[in-house]
Amino acid sequence: MPRAFIIRPFGTKDDTNDNTLDFNLVQRELIDPALNKTELGGGTTGEIIDSGNIREDMFALILEADVVICDMTINNANVFYELCILHDLRYNR
């Protein structure tokens, strides 16, 4: 099955207009149904938190993903970091 890797914030966060956004809800209500319809498996770094070295696991997931979905709705350092890793590992060769 083709795999997607989702880069996004976790939990609820405020945007620059003080609107509270629930990124877990966005995953459940928008991203997951879209992945299911396109028959893509996949997940986020949240799935690998307990598995050891999160950076190595994240690098592997980014490199192996057929599709990467990135939610840049807010300024989030972790999202930018993962997006930079994607760009560097896949497009700077």
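Observations
- Converting phi to 3J(HN,Hα) with the Karplus coefficients 6.51, -1.76 and 1.60 and the offset θ = phi - 60°, the range 6-11 yields 10, 9, 6, x, 10, x Hz in sequence order, with x at every glycine or proline.
- Under Karplus coefficients 6.51, -1.76 and 1.60, residue-wise ³J(HN,Hα) of the range 16-24 in Hz, glycine/proline x: 5, 9, 6, 7, 8, 10, 9, 6, 5
- Under a 5 Å amide H cut-off, with hydrogens placed 1.01 Å from N, G42 pairs with A4 among residues at least 5 apart or on other chains.
- Net lengthening on full extension, N24/I74 (0.36 nm per residue, minus Cα-Cα): 16.6 nm
- Label separation (N36 vs L83): 2.8 nm, computed from points 7 Å beyond Cα along the C-beta direction.
- Check: the chain dipole with +1 on Lys, Arg Cβ and -1 on Asp, Glu Cβ, in debye: 260
- Using C-alpha pairs below 8 Å separated by at least 6 residues, the relative contact order for the range 1-43 is 52 percent.
- In order along the range 26-40, the Karplus-derived 3J(HN,Hα) couplings, from 6.51 cos²θ - 1.76 cosθ + 1.60 at θ = phi - 60°, round to 4, 4, 5, 8, 10, 6, 4, x, 5, 5, 4, 5, 9, 6, 9 Hz, and Gly and Pro are given as x.
- In this structure, the amide hydrogen of T73, modeled 1.01 Å from its nitrogen in the peptide plane, lies closer than 5 angstrom to no residue at least 5 positions away or on a different chain.
- Tail fraction, Cα-Cα pairs, the chain, threshold 18 Å, whole percent: 47
No lab work stands behind these numbers, since they all come straight from the coordinates. These numbers come from a predicted model, not from an experiment. Glycine gets a Cβ as well: all are built from the backbone with ideal geometry, and neighbour counts include every protein chain shown.
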